[in-house]
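S.K.: Sharing a structure here in structure tokens format.
Where a number appears in this text, it was derived from the coordinates with a stated rule and is not lab data. As the structure is a prediction and not an experimental result, all values here were calculated from the model. With ideal geometry, Cβ positions are generated from the backbone for all residues, glycine too; neighbour counts draw on all protein chains shown.
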Amino acid sequence: MRNIAIFASGTGTNAERIMSYFEAGNTARVRLILCNKSTAGVVERARKHGVECRIFTPAELRETTLVTDWLEEFAIDYVVLAGFLLLLPPAVTDRYGERIVNIHPSLLPKFGGKGMYGDRVHAAVLEAGETRSGITIHHVNGRLDEGAVIFQAETPVLPDDTPETLATRVHELEYAYYPRIIEQEILKMQ
Ligand code: GRF
């Protein structure tokens, strides 16, 4: 049984799907939610699932061993980013290497990088007149949205889409695939 930590900054709907998915099997469990915002929705979702949730500031993440100490305390084997808006410091990326995964709500390398999060991504996709969008699940290095791609899934962009309607379809793809791809990656671990 592997131990997962999820880093999240926001609502946490993906984090919740991942907690539920692994509660039902015996590959892994989500042991720890790590969040940089005490008012984020993910905090309550963690509580509901009985998963420990720890809050840190950006400076604590970058400049102290607080977060890496927690990863050790919970014997974390695998790190999942789910709507996490800060860059992970080398202390985490060096330690976990390919055992860190992120999800991005576009077909990377399109519509990734600084400022590209949430509905801004979907607004940019519509603005550019794209005919398809989707999700990218990828490894994480020290640069935003640039790690090697593990998996992508597509949805068409419809003529009457708004950022909200497109976001809804992209979220459905995230919920359908992210937990399964994480499990697949964990099963590949030695
Ligand atoms: C998701 O769309 C994910 O792709 C992106 O951030 C969003 C998080 O949503 N990285 P939620 O907090 O899981 O609802």
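S.K.: Would segment 1-99 count as rounded, prolate or oblate if I go by the C-alpha gyration tensor, calling it rounded below 1.5 in a/c and otherwise prolate when a/b exceeds b/c, oblate otherwise?
M.R.: The shape class here is oblate.
S.K.: Evaluate E = 1/(1 + (r/R0)^6) for N3 and E172, where r is the Cβ-Cβ distance and R0 equals 30 Å; express this FRET efficiency to the nearest 0.05.
M.R.: Efficiency at R0 = 30 Å is approximately 0.60.
S.K.: Is the C-alpha gyration tensor of the chain telling us rounded, prolate or oblate? Criteria: a/c under 1.5 is rounded; beyond that, a/b larger than b/c is prolate, otherwise oblate.
M.R.: The shape class here is prolate.
S.K.: Sticking with this one: Which residues does the label zone of K48 cover in segment 1-24, counting backbone N under 14 Å from a point 7 Å along Cα→Cβ?
M.R.: Of the residues in segment 1-24, 11-21 have backbone N under 14 Å from the label point off K48.
S.K.: Okay, moving on. Rank these for me by crowding, D161, D69, D119, going from fewest to most other beta carbons within 10 Å.
M.R.: D69, D119, D161
S.K.: Can I ask one more? List the relative contact order of the chain as a percent without decimals, with contacts defined as Cα pairs under 8 Å and 6+ residues apart.
M.R.: Relative contact order of the chain: 20 percent.
S.K.: Report the extension gain between E127 and L85 in nm, rounded to one decimal, defined as 0.36 nm multiplied by the number of residues separating them, less their alpha carbon distance. Walk me through the intermediate numbers first.
M.R.: On the way: separation 42, 0.36 × 42 = 15.12 nm, distance 2.29 nm.
Gain in length upon complete extension: 12.8 nm.
S.K.: Let me ask something additional. May I ask you to derive the relative contact order of segment 1-43, considering only C-alpha pairs under 8 Å and at least 6 residues apart, and to give it as an integer percent?
M.R.: After rounding, I find 56 percent.
S.K.: Whole Å is fine, so just give me how far the alpha carbon centre of segment 1-66 lies from that of segment 116-146.
M.R.: Taking the Cα centre of each part, segment 1-66 and segment 116-146 sit 23 Å apart.
S.K.: Hey, another quick one. Rg over Rh of segment 34-73, using C-alpha atoms and the Kirkwood radius, what does it come to?
M.R.: Values: Rg = 10.7 Å, Rh = 10.7 Å.
That ratio equals 1.00.
S.K.: Once phi is turned into ³J(HN,Hα) by the Karplus curve 6.51 cos²θ - 1.76 cosθ + 1.60 with θ = phi - 60°, what whole-Hz value does each residue of segment 123-128 show in order, with x for glycine and proline?
M.R.: Rounded to whole hertz, the list is 4, 5, 4, 5, 4, 7.
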